[in-house]
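Input: a single structure, listed below in structure tokens.
The values are calculated or read from the model by the stated rules, or taken from the named source; none is laboratory data. Computed from a prediction, not measured in an experiment: that's the story for all the values here. Don't worry about glycine lacking a Cβ; one is built from the backbone with ideal geometry, like all the others, and counts go over all protein chains shown.
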Amino acid sequence: MGAIDIKSAGKIYPNGTRALEDVNITINDGEFVVLVGPSGCGKTTLLRMVAGLEDITEGEISIGDKTVNDVAPKDRDIAMVFQNYALYPHMSVRQNMSYGLKIRRINKQEIDRRVNQAAEILSIEEYLDRKPRQLSGGQRQRVAMGRAIVRDPQVFLFDEPLSNLDAKLRVQMRLEIRKLQQRLKVTSIYVTHDQVEAMTLADKIVVLNGGHIEQVGSPITLYEAPQNKFVAQFIGSPKMNFFNSTDLNSSAPAAVKKKIDEKAELGIRPEHLMPCPKTSAMISAQMELVEQLGEYVLVHLKTAAGTELIAKLPELPKASEGEWMHFKAEEKFCHLFDIKTGIRRLK
Ligand code: ATP
């Protein structure tokens, strides 16, 4: 049904800008895929190519069993939810949600049925007669989603739908989108630059960088086994720390010391650094600053070799600013990367 296959897809804009190169993604029917990456990496371009709003200049995209390269957007059986809602200001909520169906000449009874059902799913029944300007941002975004739901499409495409909302509402709407997708089981592609949104929403994350794919995998795979330094730094907050051989203590386990040389560096996430006595430490560093965030503490430090790091601890350390702290980490949390290529090394 709504499976999507993106094969060797590339995009060169008419002005010669290459936005994407050799992108391959298989999306199963009902799967929630999040495209994530820094600004300009090509996320929106790829989404718009699936939607039919941008030409596919290289490769092939299929939805269901049908290649859609030459299929008009309206015939692709997709519904898109945008960041700016794109609601018609002069129409009521009900009219906004009905409009696309009217154009498709669906009968009035069926339109009413679908609009009422979507309004119920989204808890916006009481706003059906209001105009968009009489709604809050979160309510408007729900209407925009309602308009997509009533279409009953094979695929939902979301383009940063939550970025106009405040932080608290974003968290709430994130949950709602996830629940909605689990209920409707419609294949979805969701674009965001927010890695937390990607981690919490996705069945599968695609990390894009400079127009190419860095890694495709489940959130936990990307967190536990990033294939390269870019993904390691992009997924997880605060970012993974990186150390080279000059940062390691003489008391670091021989097995670790042996692997960290001029060719490989060591990555450890802030939450995996554990304070320990100097005699058993892998890393020693001088405390520079402490951020007390209530549920956890971020300690900023610097090694004698000048490498900066962050440790995420459950409580305030006994040491104070200017003093030395010592850390170890379990071997399964020690990631190795090739210094030249950034590619993950097997241990
Ligand atoms: P953001 O998170 O900032 O929205 P993005 O990952 O969605 O970024 P795109 O908007 O897909 O990135 O842009 C990818 C690249 O293509 C960028 O280098 C951008 O400048 C370029 N680009 C986008 N639209 C056009 C266009 N119409 N013509 C030429 N180049 C474009």
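Among the helices (runs of 4 or more DSSP H) lying completely within segment 199-264, list those that include at least 1 residues that are more than 14 Å from the chain's Cα centre (by Cα) and β-branched (Val, Ile, Thr).
On the way: elements: 219-224, 229-234, 254-259.
Counting at least 1 such residues, we get 254-259.
Right, Lys7: within 20 Å of Val71 (Cα to Cα), of a type in the set (Lys, Arg) and surrounded by fewer than 22 Cβ atoms within 10 Å (Cβ to Cβ) or not?
Numbers: within 20 Å of Val71 (Cα to Cα): yes; of a type in the set (Lys, Arg): yes; surrounded by fewer than 22 Cβ atoms within 10 Å (Cβ to Cβ): yes.
So Lys7 fits the description; yes.
Could you give me the residue pairs with C-beta distances under 9 Å whose first residue belongs to segment 38-66 and is within 7 Å of the ligand (Cβ to nearest atom), whose second residue is in a loop (DSSP other than H, G, I, E, B) and β-branched (Val, Ile, Thr) wherever it lies, and which are 6+ apart or on separate chains?
Qualifying pairs under 9 Å: none.
Test each condition in (1) surrounded by fewer than 13 Cβ atoms within 10 Å (Cβ to Cβ); (2) modelled with pLDDT of 95 or more; (3) within 27 Å of Asn228 (Cβ to Cβ) for Glu323 and report the one that comes out false.
(3)
Please indicate, with yes or no, whether at least one residue in segment 278-289 is part of a strand (DSSP E or B), of a type in the set (Asp, Glu), surrounded by 12 or more Cβ atoms within 10 Å (Cβ to Cβ) and within 27 Å of the chain's Cα centre (by Cα). Lay out the reasoning, then the answer.
So the first thing to find is which residues in segment 278-289 are part of a strand (DSSP E or B), and the list is 283-289.
Subsequent filtering for residues that are of a type in the set (Asp, Glu) retains 288.
Those still in the list that are surrounded by 12 or more Cβ atoms within 10 Å (Cβ to Cβ) too: 288.
Remaining after also requiring within 27 Å of the chain's Cα centre (by Cα): none.
There is no residue in segment 278-289 that is part of a strand (DSSP E or B), of a type in the set (Asp, Glu), surrounded by 12 or more Cβ atoms within 10 Å (Cβ to Cβ) and within 27 Å of the chain's Cα centre (by Cα).
Please enumerate the residues belonging to segment 169-192 that are part of a loop (DSSP other than H, G, I, E, B) and crowded, with 17+ Cβ neighbours inside 10 Å.
To start, the set of residues in segment 169-192 that are part of a loop (DSSP other than H, G, I, E, B) comprises 185-186.
Answer for segment 169-192, where residues must be part of a loop (DSSP other than H, G, I, E, B) and crowded, with 17+ Cβ neighbours inside 10 Å: just Val186.
What is the one condition in (1) of a type outside the set (S, T, N, Q); (2) crowded, with 17+ Cβ neighbours inside 10 Å; (3) more than 15 Å from the ligand (Cβ to nearest atom); (4) within 21 Å of the chain's Cα centre (by Cα) that Gly30 does not satisfy?
If we test Gly30 against (1) of a type outside the set (S, T, N, Q); (2) crowded, with 17+ Cβ neighbours inside 10 Å; (3) more than 15 Å from the ligand (Cβ to nearest atom); (4) within 21 Å of the chain's Cα centre (by Cα), just (2) comes out false.
Going residue by residue through segment 300-318, is there one that turns out to be part of a loop (DSSP other than H, G, I, E, B), touching a helix residue (DSSP H, G or I) at 6+ places or on another chain (Cβ under 8 Å) and buried (at least 18 other Cβ atoms within 10 Å of the Cβ)?
no
For residues that are buried (at least 19 other Cβ atoms within 10 Å of the Cβ) and either of a type in the set (Gly, Ala, Ser) or touching a Gly at 6+ places or on another chain (Cβ under 9 Å) (or both), scanning just segment 97-108, find the one that is nearest to Gln182 (Cα to Cα). Break it down stepwise before answering.
From segment 97-108, those buried (at least 19 other Cβ atoms within 10 Å of the Cβ) are 97-98, 101; that's our starting set.
With either of a type in the set (Gly, Ala, Ser) or touching a Gly at 6+ places or on another chain (Cβ under 9 Å) (or both) added as a condition, the list becomes 97-98.
Numbers: Met97: 22, Ser98: 24 Å.
By that ranking, first place goes to Met97.
List the residue pairs whose Cβ atoms are under 8 Å apart, where the first residue sits in segment 10-25 and is under 20 Å from Val36 (Cβ atoms), the second is among the polar types (S, T, N, Q) and more than 9 Å from the ligand (Cβ to nearest atom), and the two are 6 or more positions apart or on different chains.
Gly10/Thr57; Lys11/Thr57; Asp22/Ser8; Val23/Ser8; Asn24/Ser8
Among the candidates Ala311, Ala305, Ala285, Ala329, which residue alone is closer than 20 Å to Gln233 by Cβ and touching a Pro at 6+ places or on another chain (Cβ under 6 Å)?
Among Ala311, Ala305, Ala285, Ala329, only Ala311 is closer than 20 Å to Gln233 by Cβ and touching a Pro at 6+ places or on another chain (Cβ under 6 Å).
Return the residues of segment 153-168 that are outside any loop (DSSP other than H, G, I, E, B) and at pLDDT 85 or above; say none if nothing qualifies. First the steps, then the outcome.
Filtering segment 153-168 down to residues outside any loop (DSSP other than H, G, I, E, B) leaves 155-159, 167-168.
Answer for segment 153-168, where residues must be outside any loop (DSSP other than H, G, I, E, B) and at pLDDT 85 or above: Val155, Phe156, Leu157, Phe158, Asp159.
For segment 109-168, name all the residues that are of a type in the set (Asp, Glu), at negative phi and buried (at least 19 other Cβ atoms within 10 Å of the Cβ).
If the condition is that a residue be of a type in the set (Asp, Glu), at negative phi and buried (at least 19 other Cβ atoms within 10 Å of the Cβ), then Asp159 is the only one that fits.
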